[in-house]
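Before any comments, here is the structure.
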Amino acid sequence: MTKATFRTIVLIWLAWALIVIGFQALATARLQPQWPDRAQLWTESYTDPKTYQVGRPYLLDPFMNNQVAWDSEYYLGIAIGGYDDPKIPHLTPFGTTTFDYHMVVQGNEYYGESTSLAYAFFPMYPWVIALFSIPLSLLGLNAVATATLAGVIVSALGALGAMLALYDMTHDALGDEGSMRAVFYLLIFPAAFFMVQVYTEGLFVGLAFGCLALLQRRGWYLVPAALLGAAATLTRAVGVALIIPMAITWFRTGDWLDMDLEWKQLYYFVKHPDRRVLISFGKMLLAFAPLIVFLIWKFSWLGINFDFVEARYFGRGFLDFGTAFYNWAEAFKSMFAGVPARSAYWFTEFVGLAVGIVTCLACLRHKPEIAWFSLAVLLISWGSGAAQGIQRYILAAPAVFFMLAYWGKNKAFDRAWTIFSILLLALGSMLFAFNMWVA
């Protein structure tokens, strides 16, 4: 990548971040939504204007509030007060609680055993927010405002890293013009505004794409790729899918051949280790870093509570295809229930699902490593059980942007996709700023 290209990408990124944030401010100043939000059955009851966000202090601070909604409260809460912060909603035997200055949920004091809903969220993003909040605290903002600013900065920097990595990993196949088009398509994707909100998308996509870009190189690049892969796994559960391109890359190097020891040689090797074999074992551990980190987390206190909250409250599981198929079938039927808001929401979700499937399958013949990773992202996300958010989840599938950029060589497709994508991006970013459900 030349200095001129790097400078261009940085300038595009900076303009994009400012435009999205500015547009959200403009939209909320000019328009008022009609409550409740009827995008889904549960959002209709959840967004009652008399009760919505009551007792949710992390969602109510006025500073950069357009970039805070829904799951943002958990990331801010973990960053400020830890997973068991009483200001975070808790799951109890009697339902869920919200923070009330007259009744703070702590252990068994009022509700019996309670579990913070924050355990459903991975730790890396709030940890980085807490880290960035240290220097930002010099600005004199309150804790929530400081963490919000830190969260937006972390997300935006992750988006920049994703842009640079996507350009790098697609340049050999698409050239300069095609790679820049892939970067542009990433920024205008309908759910791309999440990469500059207090959400994990920006950081995760930056880490995952960075890992994939480094895997295309040789030598010591496996070390930083493993570090990025491990960090991505601690950001979102689907990061464990990075084991697929990492294992493929390790297998192709042929280093595993040096590990072909017979059992009768094993004792001798332990006493007199061979340097080449040790290096091969080390590279194998690096290649499997996402899986190793995931398993450590899975059997930790965080992982145990994650499973509990995901199953009991959010209704999600791992590759629960039966439930997923039923829920998506019901979602498709609800498109025709005569509720315009619901029909419009599910239209965007099914468009996202179709785009993800078609682009990932088409990418197999061009870029198999990123295609298989992208398919894993799509499959794990779709198969979690709940029918929602797929347009946001496929942001982490680089095959989507590779194939869109490949097809974008056709000027008619390029213009049509650009108009379609930007209009949905504007709609989604506006709805998020209004605290309405998007994905």
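Can you find even one residue in segment 415-436 that is closer than 20 Å to Gly210 by Cβ and in contact with a Gly (Cβ under 8 Å, 6 or more places away or on another chain)? Full working, then the answer.
We begin by selecting, within segment 415-436, every residue closer than 20 Å to Gly210 by Cβ; these are none.
No, segment 415-436 contains no residue that is closer than 20 Å to Gly210 by Cβ and in contact with a Gly (Cβ under 8 Å, 6 or more places away or on another chain).
Any residue in segment 46-64 that is closer than 30 Å to Phe336 by Cα, of a type in the set (Val, Ile, Thr), out of contact with any Lys or Arg (no Cβ under 7 Å at 6 or more places or on another chain) and open to solvent by less than 70 Å² (accessible area, probe 1.4 Å)?
Taking every residue of segment 46-64 in turn, at least one turns out to be closer than 30 Å to Phe336 by Cα, of a type in the set (Val, Ile, Thr), out of contact with any Lys or Arg (no Cβ under 7 Å at 6 or more places or on another chain) and open to solvent by less than 70 Å² (accessible area, probe 1.4 Å).
Within segment 305-312, can one find any residue that is touching a Ser or Thr at 6+ places or on another chain (Cβ under 9 Å), open to solvent by 40 Å² or more (accessible area, probe 1.4 Å) and at pLDDT 75 or above?
Checking segment 305-312: at least one residue is touching a Ser or Thr at 6+ places or on another chain (Cβ under 9 Å), open to solvent by 40 Å² or more (accessible area, probe 1.4 Å) and at pLDDT 75 or above.
Can you list residue pairs whose Cβ atoms sit under 8 Å apart, with the first residue in segment 336-356 being farther than 12 Å from Val438 by Cβ and modelled with pLDDT under 90 and the second being charged (D, E, K, R) and not in a helix (DSSP H, G or I)? Count only pairs 6 or more apart in sequence or on different chains.
Within 8 Å, the pairs are Val339/Arg38.
Would you confirm, using the coordinates I've provided, whether Thr43 is modelled with pLDDT under 95, open to solvent by less than 40 Å² (accessible area, probe 1.4 Å), closer than 26 Å to Ala165 by Cα and in a helix (DSSP H, G or I)?
Numbers: modelled with pLDDT under 95: yes; open to solvent by less than 40 Å² (accessible area, probe 1.4 Å): yes; closer than 26 Å to Ala165 by Cα: no; in a helix (DSSP H, G or I): yes.
No, not satisfied.
What are the residue pairs meeting all of these: first residue in segment 149-178, first residue on the phi < 0 side of the Ramachandran plot, second residue among the hydroxyl-bearing types (Ser, Thr, Tyr) and open to solvent by 10 Å² or more (accessible area, probe 1.4 Å), Cβ atoms under 6 Å, and 6 or more apart or on different chains?
Ala150/Ser133
Criterion first (open to solvent by 50 Å² or more (accessible area, probe 1.4 Å), acidic (Asp, Glu) and not in a helix (DSSP H, G or I)) does Asp37 satisfy it? Spell out how you get there, then give the answer.
Numbers: open to solvent by 50 Å² or more (accessible area, probe 1.4 Å): no; acidic (Asp, Glu): yes; not in a helix (DSSP H, G or I): yes.
In short, no.
Please find, within segment 88-113, the residue that is modelled with the lowest pLDDT out of those that are of a type in the set (A, V, I, L, M) and open to solvent by less than 30 Å² (accessible area, probe 1.4 Å). Outline the logic, then answer.
Taking segment 88-113 as the starting set, the residues that turn out to be of a type in the set (A, V, I, L, M) are 88, 91, 103-105.
So of that shortlist, the ones also open to solvent by less than 30 Å² (accessible area, probe 1.4 Å) come out as 88, 91, 105.
Working: Ile88: 90, Leu91: 82, Val105: 43.
Of everything passing the filter in segment 88-113, Val105 is modelled with the lowest pLDDT.
Within segment 2-28, can you find the residues that are open to solvent by 40 Å² or more (accessible area, probe 1.4 Å), hydroxyl-bearing (Ser, Thr, Tyr) and in contact with a helix residue (DSSP H, G or I) (Cβ under 8 Å, 6 or more places away or on another chain)?
Thr8
Please give the number of the condition Ser116 fails out of (1) among the small types (Gly, Ala, Ser); (2) at pLDDT below 95; (3) open to solvent by 20 Å² or more (accessible area, probe 1.4 Å).
The one condition Ser116 does not meet is (3).
Hey, does segment 319-336 have a residue that's assigned to a helix (DSSP H, G or I), β-branched (Val, Ile, Thr) and either over 24 Å from Ala230 (Cβ atoms) or open to solvent by 40 Å² or more (accessible area, probe 1.4 Å) (or both)? Quick ask: steps written out before the conclusion?
Within segment 319-336, the subset assigned to a helix (DSSP H, G or I) is 321-334.
Next cut, β-branched (Val, Ile, Thr) only: 323.
From what is left, the residues that are either over 24 Å from Ala230 (Cβ atoms) or open to solvent by 40 Å² or more (accessible area, probe 1.4 Å) (or both) are 323.
Yes, there is a match, as at least one residue in segment 319-336 is assigned to a helix (DSSP H, G or I), β-branched (Val, Ile, Thr) and either over 24 Å from Ala230 (Cβ atoms) or open to solvent by 40 Å² or more (accessible area, probe 1.4 Å) (or both).
The values are calculated or read from the model by the stated rules, or taken from the named source; none is laboratory data. Quick caveat, the model's predicted, so the values are computed rather than measured. Cβ atoms come from the backbone with ideal geometry, glycine included; neighbour counts cover every protein chain shown. These accessible areas exclude ligands, DNA and RNA; they are computed on the full protein's heavy atoms, side chains included. Shrake-Rupley method; radii C 1.70, N 1.55, O 1.52, S 1.80 Å.
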